[in-house]
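Just so you know, all these numbers are worked out from the coordinates, no wet-lab data involved. The structure presented is a predicted model; accordingly, all values stated were derived computationally and were not measured. Cβ sites come from the backbone with ideal geometry, for glycine too, and all protein chains shown count toward neighbours.
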Amino acid sequence: MAQFDLSPAKPVSPPSPALRAVGSVVVAIVSSLFLLFLLGPIAGLVSMGGARGVASLGKDAELRGALLLTASTATIATALGIIGATPLAYLLARRSFRGRAIVSALMDLPLVIPHPVAGIALLLVLGRGSPVGGVLYGAGLRVAGSATGIVCAMLFVSAPLYVSAAREAFARVDARYESVARTLGDDAWRAFRRVTLPLSARGLTAAAVVMWARAVSEFGAIVILTYNPKVVSVLSYDRFTSFGLSEALPVAAVLVLFALIPLAALRALRAGEPSSR
C-alpha cells in the first residue's frame with residue numbers, strides 16, 4: 001500500500017525586505033517603460049501637431065469635411081449596429097442553442113483578420129462587379145467609392161465589439177427578474193423593455209461608445225473599399241504619402257484629439273457604475 005507523508009509542510013520563509021524592495025523597483029521600472037511606450041508616441045504627436053491641427057480646422061476645408069464625414073458615418077454605422085446586433089447579443093446571452101459557440105466565434109472573426117483583408121472581402125461582396133453590388137448599383141445605391149462603403153467598412157470591423165459588450169451587459173442582468181415580470185403578465189417583449197433594457201442600459205451605452213470609437217479610427221477596410229471621399233484616417237495617410245510627415249501631423253493630431261471624446265464618455269459611464277464589493 002502506498003505511504004503518504006501527512007506531516008505538516010514546512011513553512012516557506014517570506015522574502016527578505018531587500019529582495020522585496022528590489023522586486024518593487026523592477027516592477028516599477030518595467031511598468032513605467034511600458035506606459036512610456038504606449039503614451040510617448042501619442043503625446044509626441046499631439047505636442048508636435050495638435051496646435052497646428054486645431055488651427056487648421058478654421059482654414060482647411062478638406063480636413064473639416066473629412067472630420068464631419070468621419071463622425072457622421074461612424075454614427076450611422078453605430079446606429080445600424082445597435083439595431084442589428086442588440087437582438088443577437090441578447091440571444092447569445094440568454095439562449096442556449098446548437099451552434100452557439102460557432103456563432104460567437106464567427107462574430108469575433110472580423111476582429112482578428114487584417115482589416116485590409118476585411119476591405120477586400122467587402123469589395124468582393126459589395127463591389128459593382130459582384131452579384132449583390134451589381135443589384136445595389138442597378139437600384140441606384142453605389143457602395144464602393146461612396147459614403148455607403150465607409151459605413152459598411154466601419155460596421156463590419158466595429159460591430160463585433162458591440163455584440164461582445166452588449167452580451168456581457170445582458171448577462172449581468174439576473175434572468176429571474178424577467179421571469180418575475182412574465183409571471184405578472186408581461187409578455188417576452190414587454191419584460192425585455194421594462195426590465196432587462198433599463199438594467200442593462202449603461203452597459204449597452206458603453207458598448208455603443210466603444211463601437212463608435214472603433215469606427216472612427218478605422219483605416220484598413222475603408223481605404224480598400226472607399227478611398228474617396230476621405231475620412232480623417234485616410235486623409236492623414238494621403239497627406240503623408242503626398243506631402244510628407246509635416247503635412248500629415250496636424251491631421252493625425254486632430255484624429256487623436258477627436259478620439260478623446262468617446263474615451264471621456266466611456267470613463268464617465270464607468271465612473272457612474274456602482275463599485276463592486
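Between V26 and S47, what is the label-to-label distance in nm when each label sits 7 Å out along the Cα-to-Cβ direction?
A separation of 3.1 nm, rounded to one decimal place.
Which ³J(HN,Hα) values in Hz, rounded to whole numbers, follow from the phi angles of region 120-125 under the Karplus curve 6.51 cos²θ - 1.76 cosθ + 1.60, where θ = phi - 60° and Gly and Pro get x?
Computed from phi, the couplings for region 120-125 are 5, 4, 5, 5, 5, 8 Hz.
From the phi of every residue in region 76-91, what ³J(HN,Hα) in whole Hz does the Karplus formula 6.51 cos²θ - 1.76 cosθ + 1.60 yield, where θ is phi - 60° and glycine or proline is x?
5, 4, 5, 4, 5, x, 4, 5, x, 8, 4, x, 5, 5, 5, 4
Work out the charge dipole of the chain with +1 on the Cβ of Lys and Arg and -1 on the Cβ of Asp and Glu about the Cα centre, then indicate which of A188, M211, V103 is farthest towards its positive end.
A188
What ranking, highest mean first, results for peptides 107-120, 130-143 when packing means the other Cβ atoms within 10 Å averaged over each residue?
On the way: 107-120: 15.6, 130-143: 13.8.
In decreasing order of mean packing, 107-120, 130-143 become 107-120, 130-143.
By average Cβ neighbour count within 10 Å, what is the ranking of 91-104, 191-204 from highest down?
Numbers: 91-104: 11.9, 191-204: 16.9.
The peptides rank, most packed first, as 191-204, 91-104.
Hey, what do the phi angles of region 167-182 turn into as Karplus ³J(HN,Hα) couplings, whole Hz, using 6.51/-1.76/1.60 and θ = phi - 60°, x for Gly and Pro?
Residue by residue, region 167-182 yields 4, 5, 5, 5, 5, 6, 8, 4, 5, 5, 4, 5, 4, 5, 4, 5 Hz.
Note the full-extension length gain between R98 and V117 as 0.36 nm times their separation in residues minus their Cα-Cα distance, in nm to one decimal. List each step's numbers first, then the result.
On the way: separation 19, 0.36 × 19 = 6.84 nm, distance 2.95 nm.
The span from R98 to V117 would gain 3.9 nm if fully extended.
Go ahead and estimate [θ] at 222 nm for the chain from helices alone: -39,500 (n - 2.57) per DSSP H run with n ≥ 4, summed, over the residue count, rounded to 500. Don't jump to the answer; show the numbers that get you there.
Numbers: 12 runs with 211 residues, N = 277.
Rounded to the nearest 500, the figure is -25500 deg cm²/dmol.
Inverting the mean 1/r over all pairs of different Cα atoms, compute the Kirkwood radius of the chain and quote it in Å. Don't skip to the answer; put the middle values down first.
Values: mean 1/r = 0.0446 Å⁻¹.
By the Kirkwood definition, the hydrodynamic radius is 22.4 Å.
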